[in-house]
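Shown next, in structure tokens, is the structure this report addresses.
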Amino acid sequence: MYQGIGHQARLTSQPRGRIHIIGAGPVGLLFAALLQAPDGPPVRLYERRTEYTRTRMVRLATYLVAETIEDYHSDNVDEEGVVAIFEREEVEAALAYRQSISPALIGLLQQWTLGFCPLNAIEQALSSFLESHQDSNVERAGGIVTAEAAMEMLEPGDLLVDCSGSHSVMRDYLVANPNGDVDSRNTQRFRLEYALVVTFLYGQQYECNEYCKYYKNVENSRFKFIPAVHRTYYDGAISHVTGIITISEEIYQQMPSRFDGEWLRSNFPDLARSMDRFIDKVKEETNGEILGDLSIVRIPLDLYRARNWTSLQCHSMVGHPLARKPALLLGDSAVGSPYFQS
């Protein structure tokens, strides 16, 4: 089932049993959609959430829907880099697979490369795509799946795919010695800072640039509201604005995980003033108003990656829980940052 290439591994044939996908965020939903086929292997998608609530703006990189090697020149990953890093046969196989994707699904993916879209809109669209197929091989199951339960339910020939994001269910089980010390864990993590992620809707067109970050913060000494230039998006009627404010660990510990602008103004007025000064300058320039309230999430800024993203290295370890139960990590389970996750 697996073929090793350096430090990586890839599937060389379809699993003989069921594919279990943990996590129904955009990665898990898309993976299930790609596997959906009348004659495909049975797929079970495990969903913890009952509704899609994350409204942060995201955009799909254009190279992910490239149909030819030449198409890669339109993104940061260019044609020359692709040819230098990957074998030609591997690239051609990947491009051939993309051309086999359902036109309806590839249409959605191409749409999400054109501009920013709320994350929950992407999740809902993928969910609707799965539900639109009557004779689907994808079964959806609710509830929380623990690592122990995941390994217990695997039958011979099954494949486990972890798409559960930054708080990965399986990541730290993909090591040869799961009972080792902290340094032997599969997660390599660096904590950089703590921050508030502030999002709001604005009733006029607002375009942010690098200069905007500085002159709108002139009066802010301690706290500074920094707009995310590449995540501020105008959809023709409303601007979707995202920004961050760096805070201390002490302040972070005193806050709930989610709150609104009113709570921030009542409990941390100095911090709120930095945000309000910035927003007031936006209003002065564009003569608009905020629609609704602010949505604020406190987050630690962690950069992390999995040292191993398959259980391939565990297969020869007698007694390892994943020795004969193949597992893969996809998306933020394998590498990423929860900076804009909520």
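The values are calculated or read from the model by the stated rules, or taken from the named source; none is laboratory data. Keep in mind the model is a prediction, meaning the values are calculated, not measured. Because the Cβ atoms are built from the backbone with ideal geometry, glycine has one as well, and the counts that use them run over all protein chains shown. All accessible areas refer to the heavy atoms of the entire protein, side chains included, with ligands and DNA or RNA removed. Shrake-Rupley method; radii C 1.70, N 1.55, O 1.52, S 1.80 Å.
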>> Looking at the structure I just gave you, is Gln8 polar (S, T, N, Q), modelled with pLDDT under 75 and closer than 24 Å to Ala149 by Cα?
In response: no
>> Can you find, within segment 39-86, the residue that is most open to solvent (accessible area, probe 1.4 Å) among those that are modelled with pLDDT of 80 or more and acidic (Asp, Glu)?
In response: Asp39
>> List the helices (runs of 4 or more DSSP H) inside segment 231-302, counting only whole elements, that have at least 1 residues being in contact with a Ser or Thr (Cβ under 9 Å, 6 or more places away or on another chain) and over 14 Å from Leu196 (Cβ atoms).
In response: 269-286
> Among the residues of segment 291-308, which ones are surrounded by 18 or more Cβ atoms within 10 Å (Cβ to Cβ) and touching a helix residue (DSSP H, G or I) at 6+ places or on another chain (Cβ under 8 Å)?
Replying inline: Leu294, Ile296, Arg298, Tyr304, Ala306
>> Please pick out the residue among Leu159, Leu119 that is open to solvent by less than 40 Å² (accessible area, probe 1.4 Å) and modelled with pLDDT of 90 or more.
In response: Leu159
>> Being in a loop (DSSP other than H, G, I, E, B) and touching a residue at least 40 places away in the same chain (Cβ under 8 Å) is the filter here; which residues of segment 188-215 pass it?
In response: Gly203, Gln204, Gln205, Tyr206
> With respect to Leu328, is the statement that it is within 23 Å of Val229 (Cβ to Cβ), touching a residue at least 40 places away in the same chain (Cβ under 8 Å) and in contact with a strand residue (DSSP E or B) (Cβ under 9 Å, 6 or more places away or on another chain) true?
Replying inline: no
> Residues in segment 289-316 that are within 18 Å of Gly157 (Cα to Cα) and among the aliphatic types (A, V, I, L, M): how many?
Replying inline: 1
> Restricting the search to segment 216-229, which residues are in contact (Cβ under 8 Å) with a residue 12 or more places away in the chain and either surrounded by fewer than 11 Cβ atoms within 10 Å (Cβ to Cβ) or more than 24 Å from the chain's Cα centre (by Cα) (or both)?
Replying inline: Lys216, Asn217, Glu219, Asn220, Arg222, Phe223, Lys224
> Any idea which of (1) surrounded by fewer than 19 Cβ atoms within 10 Å (Cβ to Cβ); (2) under 20 Å from Tyr202 (Cβ atoms) is the one Ile244 doesn't satisfy?
Replying inline: (1)
> Which residue pairs have Cβ atoms closer than 7 Å, lie 6 or more positions apart in sequence or on different chains, and pair a first residue in segment 249-265 that is closer than 17 Å to Ile290 by Cα with a second residue that is among the polar types (S, T, N, Q) and surrounded by 12 or more Cβ atoms within 10 Å (Cβ to Cβ)?
Replying inline: Asp260/Ser295
>> Which condition from (1) modelled with pLDDT of 90 or more; (2) surrounded by 15 or more Cβ atoms within 10 Å (Cβ to Cβ); (3) polar (S, T, N, Q) is the one that Thr146 breaks?
In response: (2)
>> Need the failing condition index for Ser274 against (1) open to solvent by less than 30 Å² (accessible area, probe 1.4 Å); (2) modelled with pLDDT under 90; (3) polar (S, T, N, Q), just the number.
In response: (2)
